[in-house]
1. Report, by residue number, each residue of region 74-87 that is in a helix (DSSP H, G or I) and either surrounded by 12 or more Cβ atoms within 10 Å (Cβ to Cβ) or in contact with a strand residue (DSSP E or B) (Cβ under 6 Å, 6 or more places away or on another chain) (or both).
2. Starting from residues that are exposed (fewer than 14 other Cβ atoms within 10 Å of the Cβ), within 15 Å of the chain's Cα centre (by Cα) and not polar (S, T, N, Q), keep the ones in region 1-18 and report whichever is nearest to residue 99 (Cα to Cα).
3. If we keep just the residues of region 19-31 that are touching a residue at least 60 places away in the same chain (Cβ under 8 Å) and more than 13 Å from the chain's Cα centre (by Cα), which is nearest to residue 95 (Cα to Cα)?
4. Taking region 19-32 as the region of interest, how many residues are assigned to a helix (DSSP H, G or I) and either exposed (fewer than 13 other Cβ atoms within 10 Å of the Cβ) or in contact with a strand residue (DSSP E or B) (Cβ under 6 Å, 6 or more places away or on another chain) (or both)?
5. Hey, among the residues in region 33-51 that are of a type in the set (Ser, Thr, Tyr) and closer than 16 Å to residue 75 by Cβ, which one's surrounded by the most Cβ atoms within 10 Å (Cβ to Cβ)?
6. What's the number of the condition residue 20 fails, among (1) modelled with pLDDT of 95 or more; (2) closer than 23 Å to residue 3 by Cβ?
7. Picking from 70, 93, which residue would you name as being modelled with pLDDT of 95 or more, under 14 Å from residue 9 (Cβ atoms) and either within 12 Å of the chain's Cα centre (by Cα) or charged (D, E, K, R) (or both)?
8. Kindly indicate whether residue 59 is outside any helix (DSSP H, G or I), modelled with pLDDT under 95 and either out of contact with any Phe, Trp or Tyr (no Cβ under 8 Å at 6 or more places or on another chain) or on the phi > 0 side of the Ramachandran plot (or both).
Amino acid sequence: MEEELREKIYGYMQRGGRFFEEGKRELAFKSYMEALYAISVYLVYRDLGMLLPAGAATGVLRSRYPDIYDVIEKYAAVQGEISPEILGELRDDLKRIYSMI
């Protein structure tokens, strides 16, 4: 199950990268956020053996991985048009977090 979750995360990241290159910022943002939420599901499953929906997993993440939780919350609060700068920061944060798992 862990490998399948990691593949799903990687797929979201790849899709986000393609959308980013194509200038489809909103779709890239959504894919990157899906990857972050999938990371929360993965970490909870890896640590606790529980497969939770993303919302519940994010709640657990808050106490176990506050730094990752803060990144998710930072970007979840983004509203309106997605700037290239915000999207680049999200991509970089996602790559950093992914490299740690």
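The values are calculated or read from the model by the stated rules, or taken from the named source; none is laboratory data. Quick caveat, the model's predicted, so the values are computed rather than measured. A quick note on method: Cβ atoms are made from the backbone with ideal geometry, for glycine too, and the neighbour counts reach across all protein chains shown.
1. 74, 75, 76, 86, 87
2. Filtering region 1-18 for residues exposed (fewer than 14 other Cβ atoms within 10 Å of the Cβ) gives 1-4, 7, 10, 14, 18.
Imposing the further condition that a residue be within 15 Å of the chain's Cα centre (by Cα) reduces the set to 7, 10, 14.
Now drop any that are not not polar (S, T, N, Q), which leaves 7, 10.
Numbers: 7: 13, 10: 11 Å.
Of everything passing the filter in region 1-18, 10 is nearest to residue 99 (Cα to Cα).
3. Filtering first and then ranking leaves 20.
4. Here is the first cut: in region 19-32, the residues assigned to a helix (DSSP H, G or I) are 19-21, 25-32.
Those left that are additionally either exposed (fewer than 13 other Cβ atoms within 10 Å of the Cβ) or in contact with a strand residue (DSSP E or B) (Cβ under 6 Å, 6 or more places away or on another chain) (or both): 21, 26.
So the answer is 2.
5. Step one: filter region 33-51 for residues of a type in the set (Ser, Thr, Tyr), giving 37, 40, 42, 45.
Then keep just the ones that are closer than 16 Å to residue 75 by Cβ; that gives 37, 40.
Details: 37: 20, 40: 26.
Residue satisfying both the conditions and the ranking: 40.
6. Status for residue 20: all satisfied but (2).
7. Values: 70 fails: under 14 Å from residue 9 (Cβ atoms).
Just a single option satisfies the conditions, and that option is 93.
8. On the way: outside any helix (DSSP H, G or I): no; modelled with pLDDT under 95: yes; either out of contact with any Phe, Trp or Tyr (no Cβ under 8 Å at 6 or more places or on another chain) or on the phi > 0 side of the Ramachandran plot (or both): yes.
Criteria not met by residue 59.
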